[in-house]
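Undergrad: Below: one structure in structure tokens.
The values are calculated or read from the model by the stated rules, or taken from the named source; none is laboratory data. On a predicted model such as this, the values are computed, not experimentally measured, just so you know. No Cβ is skipped: glycine too gets one built from the backbone with ideal geometry, and neighbour counts run over all protein chains shown.
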Amino acid sequence: MVRGLDRGERAALVVSECLRGTLDPELAIFAGLAEQAADRGILARIAALAADFRALGLPVIHIHVAHRPDFGAFSDTNPVSAKVRRERRVLAGTPQAEPMPQVAPLPGDYVSTRRSGLAMWYGTDLDSTLRNLRVDTVVLTGVSTNMALLGGALGATDRGYRSMLVEDAAAGASAESHGWIVANLLRLLSTVVCADDVHADLARRRGAATTTPSRH
């Protein structure tokens, strides 16, 4: 069984930054990231995982980005954020801030929105949401392994959560950077799994929950 789900831990699926401004080829700020996500087929895998989590009553949490139109309280102290501000990217209320349709939040899901920074814990309600939901393990999917997911795994460790990275439901700026970061950094922070591993463990959990003890 997958470490982090093997002792009945309560898990939450975290869908990181699957927005039109990151993954729609016509709107994406970094074309290479959008291409990698499409080539790897991550959205279909994330959607299937989300369906499994919902079926078991486990939380699905979407990490969104929506910058103020005036970029108030926005820090551009790094090249990525500077590019976002210069090109006025992912503004609240614009198509770039909309989720990709395949993985859009459904009723009952949670949305945690970031307005500055580069990772999911900064300036968001993610930690309080997870704690109030009694979550032990965060299952990381989406983009990007270069920044948001690496920061997500490190932040989970610092806050006392177990984390899992679903490697084939995540993408980075290039195949090379994704592979290197997973092999050399994320493996030190998270249990690295594939989507089929998670499906199998959730199926076992669902089967155990629906099994009626025999009467003898």
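Undergrad: Would you confirm whether or not the stretch 64-76 contains a residue that is under 26 Å from residue 201 (Cβ atoms), surrounded by 13 or more Cβ atoms within 10 Å (Cβ to Cβ) and in contact (Cβ under 8 Å) with a residue 40 or more places away in the chain?
TA: No, the stretch 64-76 contains no residue that is under 26 Å from residue 201 (Cβ atoms), surrounded by 13 or more Cβ atoms within 10 Å (Cβ to Cβ) and in contact (Cβ under 8 Å) with a residue 40 or more places away in the chain.
Undergrad: Could you please find all residues in the stretch 119-162 being of a type in the set (D, E, K, R) and without any contact (Cβ under 8 Å) to a residue 12 or more places away in the chain?
TA: 131, 158
Undergrad: Another question about this same structure. Quick check on residue 81: is it small (Gly, Ala, Ser), farther than 30 Å from residue 206 by Cα, outside any loop (DSSP other than H, G, I, E, B) and more than 17 Å from the chain's Cα centre (by Cα)?
TA: Yes; evaluated as a whole, the condition is true for this residue.
Undergrad: Return yes or no: is residue 150 in a helix (DSSP H, G or I), touching a helix residue (DSSP H, G or I) at 6+ places or on another chain (Cβ under 7 Å) and more than 17 Å from residue 11 (Cα to Cα)?
TA: yes
Undergrad: In the stretch 101-128, how many are crowded, with 18+ Cβ neighbours inside 10 Å and β-branched (Val, Ile, Thr)?
TA: Here the count works out to 2.
Undergrad: Which one of these does residue 137 not meet: (1) within 17 Å of residue 17 (Cα to Cα); (2) within 14 Å of the chain's Cα centre (by Cα); (3) among the β-branched types (Val, Ile, Thr)?
TA: (1)
Undergrad: Could I ask something else about it? For residues in the stretch 91-104 being part of a helix (DSSP H, G or I) and in contact with a strand residue (DSSP E or B) (Cβ under 8 Å, 6 or more places away or on another chain), which is farthest from residue 27 (Cα to Cα)?
TA: Across the stretch 91-104, the extreme among qualifying residues is 103.
Undergrad: Among the residues of the stretch 1-28, which ones are out of contact with any strand residue (DSSP E or B) (no Cβ under 7 Å at 6 or more places or on another chain) and modelled with pLDDT under 95?
TA: Passing the criteria: 1, 6, 7, 8.
Undergrad: Going by what's in this entry, would residue 56 be described as at pLDDT 95 or above, surrounded by fewer than 18 Cβ atoms within 10 Å (Cβ to Cβ), in contact with a strand residue (DSSP E or B) (Cβ under 8 Å, 6 or more places away or on another chain) and closer than 23 Å to residue 206 by Cα?
TA: no
Undergrad: Please count how many residues of the stretch 105-147 are assigned to a strand (DSSP E or B) and touching a helix residue (DSSP H, G or I) at 6+ places or on another chain (Cβ under 7 Å).
TA: The qualifying residues number 8.
Undergrad: Then there's this: Out of the stretch 153-167, which residues are in a strand (DSSP E or B) and under 17 Å from residue 42 (Cβ atoms)?
TA: Passing the criteria: 164, 165, 166, 167.
Undergrad: Of the residues in the stretch 13-33, how many are buried (at least 22 other Cβ atoms within 10 Å of the Cβ) and outside any loop (DSSP other than H, G, I, E, B)?
TA: Number satisfying all stated conditions: 9.
Undergrad: Has the stretch 187-196 got at least one residue that is assigned to a strand (DSSP E or B) and touching a helix residue (DSSP H, G or I) at 6+ places or on another chain (Cβ under 8 Å)?
TA: Yes, the stretch 187-196 has at least one match.
Undergrad: Out of 131, 187, 159, which single residue is surrounded by fewer than 16 Cβ atoms within 10 Å (Cβ to Cβ), closer than 21 Å to residue 63 by Cα and out of contact with any Asp or Glu (no Cβ under 8 Å at 6 or more places or on another chain)?
TA: Just a single option satisfies the conditions, and that option is 131.
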